[in-house]
1. Being without any contact (Cβ under 8 Å) to a residue 40 or more places away in the chain and at the interface with chain A (Cβ under 10 Å from one of its Cβ atoms) narrows it down to one of B:167, B:178, so name that one.
2. Condition first: surrounded by 13 or more Cβ atoms within 10 Å (Cβ to Cβ) and modelled with pLDDT of 95 or more. Now tell me which residues in segment A:32-52 satisfy that.
3. Please determine whether any residue of segment B:177-188 is modelled with pLDDT of 95 or more, within 18 Å of the chain's Cα centre (by Cα) and within 24 Å of residue A:178 (Cβ to Cβ).
4. Pick from segment A:34-61 the residues that are touching a residue at least 24 places away in the same chain (Cβ under 8 Å) and not in a helix (DSSP H, G or I): which of them is farthest from residue A:126 (Cα to Cα)?
5. Which residues, counting only those in segment B:69-87, are touching a residue at least 60 places away in the same chain (Cβ under 8 Å), crowded, with 16+ Cβ neighbours inside 10 Å and under 16 Å from residue B:105 (Cα atoms)?
6. Kindly establish whether residue A:135 is away from chain B (no Cβ under 14 Å), under 25 Å from residue A:176 (Cβ atoms) and buried (at least 20 other Cβ atoms within 10 Å of the Cβ).
7. May I ask you to list the residues in segment B:112-126 that are buried (at least 24 other Cβ atoms within 10 Å of the Cβ) and in contact (Cβ under 8 Å) with a residue 24 or more places away in the chain?
8. Going by what's in this entry, would residue A:187 be described as at the interface with chain B (Cβ under 7 Å from one of its Cβ atoms), buried (at least 24 other Cβ atoms within 10 Å of the Cβ) and within 22 Å of residue B:157 (Cα to Cα)?
């Protein structure tokens with residue numbers, strides 16, 4: 001998983017470049033957990049990570065670049081289940097999201113990325129690509145359910161997986177309250193019932209509803 | 001979308017104070033539409049509105065204060081339907097939200113408020129209070145549906161109305177794609193089916209799921 005800020009020097013995953021990256025991303029994550037996005041600066045990240053400020057600037061250029069790379073890293077850690085049933089898959093995925101997003105520093109990372117995207121078109125583009133990729137991967141569980149006859153054949157995976165994720169972002173960004181397992185189970189139950197009711201039907205054979213990766 | 005309504009504590013609704021407020025909020029809305037939140041400053045708002053910078057600072061103190069007041073104004077304009085049926089109410093409300101949030105400058109206002117909340121605890125508190133109040137008002141349609149026997153008696157209005165809103169914020173903040181009427185109809189269909197499937201059931205007689213206004 002790479003980002004627009006991927007550095008050309010990153011050719012030795014186990015080497016010094018990888019260690020620098022890990023130290024810097026860990027420092028960003030810890031700063032977010034302790035102080036949030038408001039006071040986050042390249043200087044603080046350099047100090048905490050023990051990496052030279054010039055190196056941090058050369059490699060990531062700005063705090064937004066760091067935030068994007070951390071999101072890609074952390075978000076990719078959510079496992080995509082294959083339990084054999086749709087309800088099992090939905091519940092497992094929703095609970096994994098809840099476990100991750102229940103962490104204060106992950107909430108703050110989400111806030112930071114959304115804030116940065118509001119101010120910076122390049123960040124917005126990275127954010128959109130990241131979620132498109134994740135949705136495409138998660139959508140496989142919808143296709144498997146269609147293949148097993150558990151969902152209508154014209155169910156749109158992107159719409160359905162977007163609907164599974166939406167309550168978590170609402171809780172973090174709008175309601176501003178804790179993410180918990182109850183939210184996960186509610187989201188899984190909701191999206192399954194809604195899919196059966198035809199809420200996520202493909203339109204005109206296309207992916208529909210403006211959520212197409214090319215839209 | 002106008003900004004003609006007056007604030008609580010506004011002693012002369014038609015007077016100079018009201019005109020100042022209207023000019024300033026209109027200028028903020030126009031700046032958001034043209035240039036987004038990234039470059040928004042008190043100076044630009046003062047210049048555009050024709051109101052003295054000192055007056056703008058004295059009354060709102062910071063750009064975040066202005067953004068919050070504009071959200072309250074614009075968000076309160078979404079009508080709360082009472083069509084006689086749950087599906088009619090859900091669809092009408094979702095379509096009203098879609099019509100409002102389909103405007104570029106309203107998207108940017110949402111982005112601006114969420115960004116400001118991520119950096120500033122006072123904004124976060126205003127945002128939370130605003131959405132709590134709106135959810136409580138919108139929740140009346142859930143209670144009416146329960147009274148008519150259209151929904152299980154233990155349906156939680158706050159959970160259900162949060163779920164109706166969530167896809168719009170996801171579309172704007174995460175998917176970063178246009179809000180349209182298809183999204184509204186999908187959200188209305190989804191939330192109704194999910195409510196029938198028990199996704200928004202009150203827990204232990206309380207409002208549940210961490211969405212309680214007091215939580």
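1. Going through B:167, B:178 in turn, just one is without any contact (Cβ under 8 Å) to a residue 40 or more places away in the chain and at the interface with chain A (Cβ under 10 Å from one of its Cβ atoms): B:167.
2. Scanning segment A:32-52 gives A:42, A:44, A:45, A:46, A:47, A:48, A:49, A:51.
3. yes
4. Selected residue: A:50.
5. B:69, B:70, B:73, B:74
6. So residue A:135 does not fit the description; no.
7. B:112, B:113, B:114, B:115, B:116
8. In short, no.
The values are calculated or read from the model by the stated rules, or taken from the named source; none is laboratory data. Just so we're clear, the structure is a prediction, and the values are computed from it rather than from any experiment. Glycine gets a Cβ as well: all are built from the backbone with ideal geometry, and neighbour counts include every protein chain shown.
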